[in-house]
């Protein structure tokens, strides 16, 4: 009898931890369409690049169909890469819509934002349509699968990218490299502080992976 | 006797399990707290901005509860700067604030405040500046308040009226307020004005 009591309480508490942290605000924009992955291992990769390294060039197709190369911004704009793990998941769906408010800050700091996910273009099209009109390009790193995420060393073992913010200055050098806990949205203040520092000093933040 | 003992052992575990799952699952309580229930006793930090303190008629420092705002009715906007519909609705919520302030009677008897779910103080302030919001906004960076009010989807509006029961929720709805003038009329009728 004693054992049953303990088992049942264990199950109850276990269920609670199992669904943690399903506590992100789901916008009305997504209603019941968001998949709940549960609590994931915070990070699951070993970055191969660090602040001060030259960023590897890449070419990815945007949702719009346009092919965007990192090198096209060299000498013209700072580039902020926002890698998110997967479409239709809670934290990711609550991230880029907020960045829709940042256009002016990016323009003031001579920077462009590029959203990147390993999802394919049709999926990204449907997902980002729910976010309103995003001002920044969203790129598909679907095929070869996760190649760009892997080139930065931030592809997780299950094939999705880490939740990461990487800032690259006009010279093509990595100035900020932040891999966040996949279960949490990066703090906006950290991002904007690093962006302003990069623009103001030309050297930017020195956060290490 | 043995069965009764088993039931006695199982019941609290089952209640705990169901309660915790309900509290944790947004879909289960997406419609928010029920009309007729009481607004939880949540402590908010007294705003730093003097205009916010003055608007909410708060004196002193530390924390306050909705129950302590000395007006008959408080409208609570639950939002997030990361929510597209909240962004779209921000100008309308500003319009609601203006209409309440312009109302000859409601301007003294109704207060409007926002809670930024999952938003840090910095993010709430960013949202405030982006949309030039004049009413008080409060951060809920760790979703503590969100859990207390049933993990509603954003935006969500609650109307809390001080009745004989306490801080009673008399309106609870996810999504934008469909018609501001009708909403204000309904509030006016509730207050007999």
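With the gyration tensor restricted to C-alpha atoms of region B:41-97, the semi-axes of the equivalent ellipsoid amount to 24, 13, 12 Å, longest first.
Legend: mean number of C-beta atoms from other chains within 10 angstrom of residue C-beta atoms, peptide B:73-84, equals 5. Using all pairs of distinct alpha-carbon atoms, the Kirkwood hydrodynamic radius of region B:118-193 works out to 14.4 angstrom. Note on region A:106-148: along the principal axes its Cα atoms extend 34, 25, 7 Å, ordered by decreasing extent. I need the shape label for region A:53-209. Rule: rounded when a/c is under 1.5, else prolate if a/b > b/c, else oblate, with a, b, c from the alpha carbon gyration tensor. Rounded.
Per-residue shielding of B:36-45, expressed as the average number of other chain Cβ atoms within 10 Å of the residue Cβ, stands at 0. The antiparallel fraction among DSSP beta bridges confined to region A:100-209 stands at about 70%.
Summary of packing: across the peptides A:30-43, A:105-118, the per-residue average of other C-beta atoms within 10 Å ranks them, highest first, as A:105-118, A:30-43. If you sort the three axes of the alpha carbon gyration tensor as a ≥ b ≥ c, you get a/c under 1.5 for region B:45-174, which makes it rounded.
Computed over region B:115-193, relative contact order equals 22 percent, with contacts defined as Cα pairs under 8 Å that lie 6+ residues apart. Once you have a ≥ b ≥ c as the square roots of the Cα gyration tensor eigenvalues for region A:46-93, tell me rounded if a/c is under 1.5, and otherwise prolate or oblate according to whether a/b is larger than b/c. In terms of gyration-tensor shape, oblate. Mean per-residue shielding of peptide A:83-94 is 1, counting Cβ atoms of other chains within 10 Å of each Cβ.
Since every read-out is calculated from the coordinates, none of them should be taken as a lab result. Bear in mind the structure is a predicted one, so any value in this text is a computation, not a measurement. Reconstructed Cβ throughout: ideal geometry from the backbone, glycine too, with neighbour counts over all protein chains shown.
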